[in-house]
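Notes follow the structure.
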């Protein structure tokens, strides 16, 4: 019985080895990035239909017809669609960052009202003026050098399209480890720092810097002269806050040392 079984097993094995599987069909090559696309396949809504019915649900607004072709003669290409998607992503991040920055900016009004309400009537004008001008003094100092010290080595930021000019940090080696001290790019937002992503980041960081400066105006209300307030605001906006901001968030020692 065993002898009869072996030939059958061998024949089955030989049959299985000689059986060839059907080769899978070759994959279709990916379309070239500069190849024109078939826009009709996307079925954009007609202008007449939108004119007659409108688009209350928002399902027909923003279609393939709204994608701009780099070359009108060639027509819409895959590269145009991909670039449009990337630009829309960064644009949405820009808008959200600016909105949050504007909300923080309006904190200034709350600080002004609170601090003025806690002062005597004779000092209300002085306190209100400090809360108004802290933006002027602090923003100027932050624009001159504060932003560069804080964020000059913190880039790039992929969510803001890169901000690639902010990639230079002054680093010293201590105890065998690198310690980032301050950024060195972005002074006056000039040169390569004249970048849309950098300017969005500047506004976002500036309003938080100014909020920190406003804490001092409240704690020192009725206790210092206006000149002392002006000098303090410029110094804090240019040096004190940016240094700490660099060490905590701007690519300084906390991040450099791991």
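Arranged from highest to lowest average of other beta-carbon atoms within 10 Å per residue, in what order do the peptides 75-81, 32-38 appear?
75-81, 32-38
Return one number: the angle in degrees, 0 to 90 and rounded to the nearest 10, between the long axis of the Cα atoms of helix 196-219 and the longest principal axis of the Cα atoms of the chain.
Approximately 40 degrees, to the nearest ten.
What is the angle, in °, between the Cα long axis of helix 2-18 and the longest principal axis of the Cα atoms in the chain? Nearest 10 is fine, range 0 to 90.
That helix lies at roughly 60 degrees to the long axis.
Largest first and to the nearest Å, give the Cα extent of the range 82-176 along each principal axis.
58, 45, 23
Give the angle, between 0 and 90 degrees and rounded to the nearest 10, that separates the Cα long axis of helix 78-105 from the longest principal axis of the Cα atoms of the chain.
30
Based on the Cα coordinates of the range 180-221, what is the per residue volume of their convex hull in Å³?
It is 99 Å³ per residue.
By what distance, in whole Å, do the Cα atoms of the chain stretch along each of the three principal axes, largest value first?
Between the extreme Cα coordinates on each principal axis of the chain lie 112, 70, 40 Å.
Readers should treat all values here as calculations from the given coordinates under stated rules, not as data from a laboratory. Note that the coordinates shown come from a computational prediction; the quantities given were computed from them, not determined experimentally. In this analysis, Cβ positions are derived from the backbone assuming ideal geometry, glycine residues included, and neighbour counts consider all displayed protein chains.
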